[in-house]
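Okay, structure first, notes after.
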Amino acid sequence: MGSHVCDRILADGNEVVAVDNLITGSAKNIKHLEGKSGFQFIEHDMTVERDYGGKFDCVIHMASLASPRHYYAHPIKTLESGSTGTQRMLDLVVRDNARFLLTSTSECYGDPEIHPQVETYWGNVNPVGLRSCYDESKRYAEAITMAYHRVHGARTTIARIFNTYGPRMALDDGRVVPAFIDQALRGEPLTIFGDGSQTRSFCYSRDLVDGLMKLLFSEERYPVNLGNPREMTILEFAHYIRDAVNPGLPLKFEPLPQDDPKRRRPDIGKAKKVLGWEPRVPLEEGIRETIAYFRDHS
Ligand code: UDP
């Protein structure tokens, strides 16, 4: 997502300094920007203090390990990016009187008891479970963002991002969209965790970038859900990918990971009202583009 945001910032005629320690991100995703005027890349762990040079109009904090596979493997780094990392970015925001966008998550709602999830819902998070390193790091990130707004008057915004997919995801990322497409392209069985009755709602990366930019330049200080409200079960999604890529492949059922949310769908009423935003790319089109990307890059 970071590389897509860079593309958008540059296309809008602005300059961007991208920072990534490449723990899960890939330098290949910004290769096309190398040497482009207005673009600079710094390979660095943003939880470690440093001077990025210059004065910034905006700070967008997207650093995290967003795939369950990655945050299970690096729980401490995940917590640090939400805690220390967020505070470092907020200090920069205060120094430069910049606008701030925190990319938070639907995981703040945990395994939700309210459906669809609306921003006023406080969530149902297991604070000591396997997912807690991600959920609680983002919840803390939201809390410290609000504290900097209240104490320093910082111009902060918070996006709660629901499942997003699109080109440039890593095939071995572990999340369900690249996992199913990768398996289907290889002719392997699609691995469904649990019985596949859990639901998700998938938003295309281009739509998300648009929502993030609108939010960054808004005056809304409280969290805003950004996602696509079209909800489907994981079993339905597996059938959809299989039929699109390699009909006839078997499905393989594996144990459901701990605390895997049973239902997830954003209520995007606030995004529509406050930002005039809603997703435009239908799943069929987004998945077609994503499959084409993975065919070219596998
Ligand atoms: N999932 C699955 N097979 C996979 C990867 C994920 O059935 O190979 C399920 C997972 O258990 C969850 C949903 O798909 O219910 C979405 O998982 P993902 O890791 O993409 O993101 P999450 O919504 O859990 O953060």
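Readers should treat all values here as calculations from the given coordinates under stated rules, not as data from a laboratory. Worth saying up front: this structure is predicted, and the values here are computed from it rather than measured. Every residue, glycine as well, gets a Cβ built from its backbone with ideal geometry; the counts of neighbours run over all protein chains shown.
General observations
- Based on C-alpha pairs under 8 angstrom that are at least 6 apart in sequence, the chain has a relative contact order of 19 percent.
- Residues whose amide H comes within less than 5 Å of that of residue 226, counting only those at least five positions distant or on another chain, are 160, 161, 162 (H built at 1.01 Å from N in the peptide plane).
- Per residue, the convex hull spanned by the Cα atoms of the range 238-298 amounts to 155 cubic angstrom.
- For the range 167-231, applying the loop criterion from DSSP together with a ceiling of 12 other beta carbons within 10 Å to the GluC sites (Glu not before Pro) yields 219.
- Residues 197, 205, arranged from fewest to most other Cβ atoms within 10 angstrom of their Cβ, appear as 197, 205.
- For the range 66-114, the ratio of Cα radius of gyration to the globular rule of thumb 2.2 N^0.38 Å stands at 1.41.
- In plain terms, the C-alpha convex hull of the range 55-183 casts an average shadow of 8.8 nm² when viewed from every direction.
- Part-to-part distance (alpha-carbon centres) for the range 219-293 and the range 31-107, which is given in Å: 25
- The chain - convex hull of the alpha-carbon atoms, volume per residue in Å³: 122
- A dipole drawn for the range 130-268 from +1 and -1 charges on Cβ atoms has a positive end, and of 251, 176, 163 the residue lying farthest that way is 163.
- Within a straight-line Cα-Cα reach of under 18 Å, residue 272 can be paired with the following lysines, leaving aside sequence neighbours fewer than 8 residues apart in one chain: 214.
- Counting beta carbons within 10 Å around each of 142, 34 and listing the fewest first gives the order 34, 142.
- Bridgeable aspartates and glutamates around residue 55 (alpha carbons under 16 Å apart, same-chain partners fewer than 8 residues away excluded): 15, 91, 96.
- The stretch between residue 251 and residue 171 holds 27.0 nm of extra length on full extension. This uses 0.36 nm per residue minus the Cα-Cα distance.
- Each peptide in 282-288, 179-185 was scored by the mean count of other Cβ atoms within 10 Å over its residues; highest first, the order is 179-185, 282-288.
- Helix runs (DSSP H) in the chain reaching 27 Å along axis by Cα, Kyte-Doolittle at least -1.0: 132-152
- Taking every C-alpha pair closer than 8 Å and separated by at least 6 residues, the mean separation divided by the residue count of the range 1-160 gives a relative contact order of 22 percent.
- Test item: Cα-centred dipole of the chain, Lys/Arg +1 and Asp/Glu -1 on Cβ, debye: 360
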